[in-house]
Amino acid sequence: MRINIIGAGPAGNFTAFLLAKKGHNVNVYEKNSIIGSPVQCTGILSDYFSEVLDINKKFILNTIENTRIYSPDNNFVKAKIKKNYVICRKKFDNYLADMAKEEGAKYFLNHSFHTFEKKNNKIKSKFKNNGKNIFSESDILIGADGPLSQVSKSADIFNNRKFVTGTQIEIKMKNDNVVEFYPFIGCYAWVVPINKNAIRIGVVSYNNTKKLFDKFVNLKLGKKYNEKIIENQSGIIPIFNPNVIAQKKNVYLIGDSATFVKATSGGGINQSLKAAKILVDCINNKKDYQKEWQKNLYDKLFVHLIAHKVMQKFSLEEWNELINIFSEKKMKKILYTQSRDKIISMMIKVIFTKPSLLKFAKYFPKEELKNIRSPIF
Ligand SMILES: Cc1cc2nc3c(=O)[nH]c(=O)nc-3n(C[C@H](O)[C@H](O)[C@H](O)COP(=O)(O)OP(=O)(O)OC[C@H]3O[C@@H](n4cnc5c(N)ncnc54)[C@H](O)[C@@H]3O)c2cc1C
């Protein structure tokens, strides 16, 4: 089958690799001139990363096994975590693209997808390349074109989506190789070491992100941090939409274009890779992708969404209380043994260990749940 994939990020490249390996005629169209650039990502991945992909030194910058989670009163809980990986997105995206090329996928850079029309069972896509219109026909079209997915807009399945903005810099700073998390700043703020002498530091929020970022960075690095900046790496992140339609006949969405992102952390790479495997299995075995991604990804993404909405309502005092509770030995053990990519078993352990935390159920977003057309409600 001839398959056109829009977007050469992790979702598009890994899908291209898996499809080309199965013998499909795969074309990947990317609007930028360089794969993996500009970088708009912190590149931290939980231990679950090694379950979805064979880890290769070529794209790993660092591994981290300790975290500090801060509370507004400047206390923190320091805990051991299972190995987290910090990747170089430029190298990672190119690594996956090279794998796809080796299997025969063809890449077309500087090709910006605009729209498509259906002709019998074929899809005719229109691109702009250096001001010229280019057309390409395929049996299947896959939108792996990120948060603002033009493919989903052209297929009329963009619907109502919400986004947060992430403002991040990569900057020189000596550090002790501990990932720091500030869950009370905006949606969350972080410090992620990429080596002994450099970090990625950022804030994600629905609004005022730049203001929150400036305040946070001034506090952490002092006022004269500008001269130490290596790169600005900001971007937008979709909030998982439980009503998302990721398949309309032979048009499919994957990764950020399908809003497959953990709302508590903005992490989308592991979900992109997992979704690529699901999608390719569906195409090869004529399965219903909408049903299959819901069966395999929905529950976890949904629990992250609810946890995110609950946490957005915490007062500063409640954050102080919660971080204090996590200083207890048995709670630290949960942080070590449970992966954030397996949030359901983590939540169950947390509630069993500390039933008093059920009081935060008062923040459960009941009203919003009424509008959800989901497989579990
Ligand atoms: C500040 C920030 C920090 C983040 N940190 C993390 C993290 O630590 N861990 C994690 O797992 N996730 C993180 N994420 C999320 C992660 O970056 C995304 O989930 C991931 O990139 C999704 O991959 P994708 O392939 O779906 O989309 P993308 O990586 O966005 O790739 C989409 C590709 O499509 C191309 N494209 C877009 N429109 C068109 C078009 N019309 N025509 C042709 N090509 C097009 C784009 O140029 C891009 O190359 C972060 C995001 C941000 C903004």
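The values are calculated or read from the model by the stated rules, or taken from the named source; none is laboratory data. In this text the structure is predicted, and so the values were computed from the model without any measurement. Reconstructed Cβ throughout: ideal geometry from the backbone, glycine too, with neighbour counts over all protein chains shown. Surface accessibility is based on the protein's heavy atoms, side chains included, excluding ligands, DNA and RNA. Shrake-Rupley method; radii C 1.70, N 1.55, O 1.52, S 1.80 Å.
Annotation: amide H of Val164 within the under-5 Å range of Ile237, Ile239, sequence separation 5 or more or interchain, hydrogens built in the peptide plane. Seen from every direction in turn and averaged, the convex hull around the alpha carbons of the chain projects onto 18.9 nm². Only protein heavy atoms count here; on that basis, with a 1.4 Å probe, Leu316 has an accessible area of about 90 Å². Counting only heavy atoms of the protein chains and using a 1.4 Å probe, Ile344 has close to 60 Å² of accessible surface. Here's the picture: charge each Lys and Arg Cβ at +1 and each Asp and Glu Cβ at -1 in the chain, and of Ile123, Ile306, Asn13 the one pushed furthest to the positive end of that dipole is Ile306. Give the shape of the range 308-369 as rounded, prolate or oblate, defined through the alpha-carbon gyration tensor: a ≥ b ≥ c are the square roots of its eigenvalues, a/c under 1.5 means rounded, and otherwise the shape is prolate if a/b is larger than b/c and oblate if not. It comes out oblate by the Cα gyration axes.
A straight line joining the Cα centroids of the range 79-107 and the range 214-272 runs 17 Å. A simple count of charges around Arg68, restricted to other residues whose Cβ falls under 10 Å of its Cβ and scoring Lys, Arg +1 and Asp, Glu -1, yields -1. Using a simple spin-label model with pseudo-atoms 7 Å out from Cα toward Cβ, Asp288 and Asn159 lie 1.5 nm apart. Between Asp54 and Arg68, what is 0.36 nm times their sequence separation minus the Cα-Cα distance? Round to one decimal in nm. Extra length available between Asp54 and Arg68 comes to 2.2 nm.
Placing +1 on the Cβ of every Lys and Arg and -1 on the Cβ of every Asp and Glu, with nothing else charged, gives the range 308-369 a dipole about its Cα centre of roughly 320 debye.
Ordered by 1.4 Å accessible area with all protein chains kept, Phe184, Phe113, Phe76 run largest first as Phe76, Phe184, Phe113. For Leu61, the solvent-accessible surface with a 1.4 Å probe is about 70 Å², rounded to the nearest 10. If you take all other residues with their beta carbon under 12 Å from the beta carbon of Lys300, and give Lys and Arg +1 and Asp and Glu -1, the sum is +3. Once you divide the Cα radius of gyration of the range 150-228 by 2.2 N^0.38 Å, the number left is 1.36. Roughly what % antiparallel, to the nearest 5, for the DSSP beta bridges in the chain? Counting only bridges with both partners in the chain, antiparallel ones make up about 75 percent.
With the helix formula -39500 (n - 2.57) applied to DSSP H stretches of n ≥ 4, the chain reaches a computed 222 nm mean residue ellipticity of -9000 deg cm²/dmol.
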